[in-house]
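The block underneath contains the structure these notes are about, expressed in structure tokens.
FYI, it's all coordinate maths here, none of it is from the lab. Just so you know, these numbers come straight off a predicted model, no measurement behind them. All Cβ positions, glycine included, derive from the backbone under ideal geometry; neighbour counts span all protein chains shown.
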Ligand SMILES: [Zn+2]
């Protein structure tokens, strides 16, 4: 039911683990799209609650604590406030941001567990599990590493393979080893509660069938889970950190409660409910959370990254269905992954961009905009500092900033800083106003369908329209010979600026506020939480109409965006660590598209020869270059190859390779390069020389 009528929206974003700071990968996966969506909906005047919080339970936190020889509580107390602060500075507009160590969360998850146990939903199973005899602990989830049975990756976690994304159980790993002590685990008997997901498959399938509008990447993953058949999932663990299994439930089942906690992926999504309860308490209306979770008029939306799809579109919905009192999600618009400069993000290698570090150097809106234009909505996407600079300079500064600036400057210089009246508008004036009227609906369509990139692109199109119109109507000319035409241009441009101040608020909340101040545009509904729908205020749907009256006095002009210099970008790139070795990168990149067709004559111009590499060495001070001596049979060549990052001199020395023998020589680092080696480059950027058995000097055609 794509267009189910609804009365209110409840938005959740994946709870970040409080065991490290936030990076751009997190932002691009869930938080930024969720924030744009929420700000847009608030401007629409919708009743909306946006909750999130720190996930402070789970084995990942415990592992970090063990690694640092401290307590899990100390870890979460360190990172939770840091996450809160950087989210706030970045303009994340949560109505409530909680944490799963709260008393409300413990009570909410235990109640949920108790209700499902009382309904006989769970199975209890006693079986042998991996146990680390040195650490004297059962090896749940990430405590065990080994070889992925699906893709062969040798460093897969016990609960998931990070390379192929397969969800695993520790017993499935080949060659398992303890992540704590490296010991080979032994099997010991223990009892756990299981959620029989398989029993829910028919209901889940029926439900998913009602949502053909979900994103293809999400539906694709769900269908492959269905095809494999949903399996029972253990929802308790033997680890010393987590929400304890309710003692009364354990006692009724005849299981020793001591040391048993609820699995983090059972309690984490319940964290959304806990956060809504805490929000309601803060509002002084403690029962209000029920309206958002239990009334059919709620549209529940989970923003997540693709690694969480199974939990949000299958496991949590099954839990909600089993409980019976709750609504199920209306959409789960999961994003794919964001790579950094072509390589998979890696926090351990610092191949990541950390939000708190970014905010020391740049304003939040620049990253909000740049990231929003490259969100991995349908496939993995790539972020680079150069692309960031490009988006800021050529779009924010040159398009949006320039349009606002030239309009404001002109109005102050020639119209006393007031909005001139529109009189006898030309066709062009009327056409632009007619186009303006369409913008809110056009951008809305994209936001409602979770096409955030498109929404941002359409928003920027309004500034593009403004610039084109300003250029076409040439007010700097008409000012002298047809002053009313110039006045009309400025009137229309100022209306576009005013509309932009509303429509750009989701993506650029800080700059939108600056622009509203410049225009002295009051009475605009807030895109941030904490205000009521603002009856009578200017909202999204009003933003297609002229918002400034003739004679309205404008505020002072200010520069909205300054360009980013190359040196600033270079400084950021120096902060980046190293990408993970290519071998660890998933080989899922698309093949490069074919070049345009050529004539045979174009090909025949190439003189390709077999050559033997007789010597190979690194070029001093040129870290990318290898210097090769190549025997072509009839002559010796010196060839420089820019492959030193991918291969060593040893990889090439002695090999027979294919040389482009008639390439014009060129000089690099004072050395002449007399030809070129052919290399095969795979989808992950790995290079391999083209080798042959032919004799030196042989022609290749
Ligand atoms: Zn795998």
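Numbers at a glance
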item: Cα convex hull of region 496-570, projected area averaged across orientations, nm²; result: 6.6 nm²
item: Diffusion constant of region 198-333 at 25 °C, which comes from Stokes-Einstein with the Kirkwood Cα-pair radius and 0.890 mPa s, µm²/s; result: 148 µm²/s
item: Ellipsoid semi-axes in whole angstrom, largest first, where each is sqrt(5λ) of the Cα gyration tensor of region 1-49; result: 26, 11, 10
item: Label point distance in nm, residue 666-residue 231, each placed 7 Å from Cα along Cα→Cβ; result: 5.4 nm
item: Region 384-542 - Rg and Dmax from Cα coordinates, angstrom; result: 16.1, 51
item: Per residue Cα convex hull volume in Å³ - calculated over the chain; result: 210 Å³
item: Whole-percent pair-distance distribution, where bins are 5 Å wide, for the alpha carbons of region 600-700; result: 3, 13, 24, 25, 20, 11, 4, 1, 0
item: Cα centroid separation - region 598-635 against region 42-82, whole Å; result: 54 Å
item: Alpha carbon centroid spacing (whole Å) that separates region 231-305 from region 319-353; result: 19 Å
item: Gain on full stretching of the segment that runs from residue 126 to residue 562 - 0.36 nm per residue minus C-alpha separation; result: 150.6 nm
item: Cβ-Cβ FRET estimate between residue 578 and residue 186, R0 fixed at 35 Å, reported to 0.05; result: 0.40
item: Solution diffusion estimate, µm²/s, Stokes-Einstein, region 218-276, Kirkwood Rh from C-alpha pairs, 20 °C, viscosity 1.002 mPa s; result: 158 µm²/s
item: Peptides ranked, highest mean first, by Cβ atoms within 10 Å: ranges 541-548, 195-202, 509-516; result: 509-516, 541-548, 195-202
item: Contour excess over end-to-end distance, with Cα ends at residue 307 and residue 461 and 0.36 nm allotted per residue; result: 52.1 nm
item: For region 26-78, diffusion coefficient by Stokes-Einstein and Kirkwood Rh (Cα), 25 °C, 0.890 mPa s, µm²/s; result: 181 µm²/s
item: Among 426-434, 370-378, the order from most to least packed when residues are scored by Cβ within 10 Å on average; result: 370-378, 426-434
item: Inter-label distance, nm, simple model (7 Å from Cα along the C-beta direction), residue 111/residue 477; result: 7.1 nm
item: Distance histogram for region 183-241 (every C-alpha pair counted, 10 angstrom bins, percent rounded to whole numbers); result: 18, 35, 24, 18, 5
item: Distance histogram in 10 Å bins (all Cα pairs of region 116-261, percent per bin); result: 11, 32, 33, 20, 4, 0
item: Sum of -39500 (n - 2.57) over DSSP H runs of 4+, divided by residues of the chain (222 nm, nearest 500); result: -11500 deg cm²/dmol
item: Calculated FRET efficiency for the pair residue 67/residue 174, C-beta based, R₀ 25 Å, to 0.05; result: 0.55
item: Contour minus Cα-Cα distance for residue 154 and residue 248 (0.36 nm per residue); result: 29.7 nm
item: Whether region 1-137 is rounded, prolate or oblate, judged on the alpha carbon gyration tensor where a/c under 1.5 counts as rounded; result: oblate
item: DSSP beta bridge pairing in the chain, given as percent antiparallel to the nearest 5; result: 70 percent
item: Computed E for residue 623/residue 598 - FRET, C-beta separation, R0 25 angstrom, nearest 0.05; result: 0.15
item: Ranking of 363, 178 by count of other Cβ atoms within 10 Å, fewest first; result: 363, 178
item: Ranked packing of 321-330, 645-654, 380-389, most packed first, by mean Cβ within 10 Å; result: 380-389, 321-330, 645-654
item: Enclosed volume per residue, in Å³, of the convex hull spanned by Cα atoms of region 299-354; result: 104 Å³
